[in-house]
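The values are calculated or read from the model by the stated rules, or taken from the named source; none is laboratory data. Since the model is a prediction, treat every value here as computed from it, not as a measurement. All Cβ positions, glycine included, derive from the backbone under ideal geometry; neighbour counts span all protein chains shown. Just the protein is used for accessible areas: all its heavy atoms, side chains included, with ligands, DNA and RNA removed. Shrake-Rupley method; radii C 1.70, N 1.55, O 1.52, S 1.80 Å.
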Amino acid sequence: MEGTASRPGSGGSSGTAGAAPVVLVAEDSRVLRSILRGQLHDHGYRVVEAHDGAEAVTVCRNERPDVVLLDVEMPLMDGHLVLANLKRDPALADVPVVFVTARVTTEDVVQGLDLGAHDYLRKPFEASELLARVHAALRTKRLQDELRLRNAELVRISRTDTLTGLHNRRHLEERLAEQTSLVKRQGGDLGLLLLDVDRFKRVNDEHGHAAGDAVLRILAGRVREAIRTEDVPGRWGGEEFLVLLPATGRDGVGSTGERVRRTVAADAFHLEAAELQVTVSVGGAVGVEDGWEGLVRRADAALYAAKEAGRNQVVVDRGGSRQPDVVATS
Ligand code: GH3
Ligand code: MG
Ligand code: MG
Ligand code: MG
């Protein structure tokens, strides 16, 4: 029944689409290695080899095989120990391992499966059974890889603002919490900017909601343009944006806020039916002594002060109980 072993290259391996899937044969018997290599190679697999347990772990790290055929009894490190090592490495934990062994007691099989083995192949074996088990392991690996990709995409979507493509509030709050605890543990600065579009209601009222949306999209691009790659920009709410500024003190917050403000105001926003001059007011704050909620609250108070002072300007919180002060005006 060679028919069970269709050519595995079709449908693409986990790596490059169409590339031959890679099987690691970890087996101390040279004769058996050569038999396995021949049978797998004839059916479209690329075979990498290891002749003891320690080498098996190394080859796994370097070659990232799609399936591992693992002898149980090997010198230096037996198959069970190899498997335990792979399971501890997040990059290798999901590679399906098929034990190849002459041990036939139910106890051995149960122990191997408990350790996280995908399957068992008993020596001596027929080529057809070998190929069928490798093929099944490969199918599992591909499904897992696909699932991981889809999950990563779902995570990305759940953290992205659909209108602007910037991070959304959920992501910002998590990064704020993460950066705050990092600074509390290791010291350093954390800065933050809050931006609010000036007189945005007028844009909606005079040009329609779709034009308002277009303004927010263009604005997002300009904010990105004005900051460093390590800064974290996101949409905090309706027409409010937040930028997290890691390792940034008060001066950096002021100058970055001013650069954002200037970049927004520099050129007209070209919409389909109109050209608009848009400005933002910016509030900045630094420090995590009152938690990220405190940091945001102080930036918000500074933003309010910027609005009060006439809009299109940057105000940075001075910390403590002092009033925020104006860094720059238009
Ligand atoms: P200012 O901030 O300068 O005080 O004035 P403003 O006109 O911007 O004030 P306000 O914050 O009260 O208005 C914000 C407006 O933003 C109200 C709301 O309808 C609009 N808005 C919020 N989110 C969106 C959105 O996603 N798209 C559009 N088009 N409008 C939005
Ligand atoms: Mg052996
Ligand atoms: Mg607002
Ligand atoms: Mg506004």
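Quick notes on this one:
- Residue within region 177-188 that is part of a loop (DSSP other than H, G, I, E, B), on the phi > 0 side of the Ramachandran plot and touching a residue at least 12 places away in the same chain (Cβ under 8 Å) present: yes
- Filter result for the condition that a residue is more than 16 Å from ligand 3 (Cβ to nearest atom), under 22 Å from the mean Cα position of the chain (by Cα), surrounded by fewer than 16 Cβ atoms within 10 Å (Cβ to Cβ) and in the same structural domain as SER29 (by TED's automatic domain parsing), over LEU149, LEU182: LEU149
- Matching residues, region 120-135, being open to solvent by less than 30 Å² (accessible area, probe 1.4 Å) and of a type outside the set (Val, Ile, Thr): TYR120, LEU121, ALA127, SER128, LEU130, LEU131
- Within region 240-264, tally of residues that are in contact with a Lys or Arg (Cβ under 7 Å, 6 or more places away or on another chain) and open to solvent by less than 10 Å² (accessible area, probe 1.4 Å): 3
- Residue match in region 262-280 (condition: polar (S, T, N, Q) and within 16 Å of ligand 4 (Cβ to nearest atom)): yes
- Region 280-323: number of residues that are within 16 Å of ligand 3 (Cβ to nearest atom), of a type outside the set (Asp, Glu) and part of a helix (DSSP H, G or I): 10
- Being touching a His at 6+ places or on another chain (Cβ under 9 Å) and more than 16 Å from ligand 3 (Cβ to nearest atom) is a property that VAL253 lacks.
- Just one of the listed residues (LEU190, LEU216) is within 19 Å of VAL315 (Cβ to Cβ) and either within 16 Å of ligand 2 (Cβ to nearest atom) or within 27 Å of the chain's Cα centre (by Cα) (or both), namely LEU190.
- Any hit, region 154-163, residues being touching a residue at least 24 places away in the same chain (Cβ under 8 Å) and either out of contact with any helix residue (DSSP H, G or I) (no Cβ under 6 Å at 6 or more places or on another chain) or of a type outside the set (Ser, Thr, Tyr) (or both): yes
- Between ASP114, ASP94, the distinction of being open to solvent by less than 70 Å² (accessible area, probe 1.4 Å), more than 18 Å from LEU32 (Cβ to Cβ) and either outside the structural domain of TYR45 (by TED's automatic domain parsing) or not β-branched (Val, Ile, Thr) (or both) belongs to ASP94 only.
- Remark: pairs (first residue in region 284-313, under 22 Å from GLY188 (Cα atoms); second residue among the basic types (Lys, Arg); Cβ separation under 7 Å; 6+ apart in sequence or on different chains) = ALA285/ARG298; VAL286/ARG250; VAL288/LYS184.
- Some residue of region 71-87 being buried (at least 18 other Cβ atoms within 10 Å of the Cβ) and β-branched (Val, Ile, Thr): yes
- Consider region 246-276 and keep the residues that are outside any helix (DSSP H, G or I) and not hydrophobic (A, V, I, L, M, F, W, C). The one that is nearest to SER181 (Cα to Cα) is PRO246.
- Considering ALA54, ALA102, the condition of being within 12 Å of ligand 2 (Cβ to nearest atom) and open to solvent by 10 Å² or more (accessible area, probe 1.4 Å) is satisfied by ALA102 alone.
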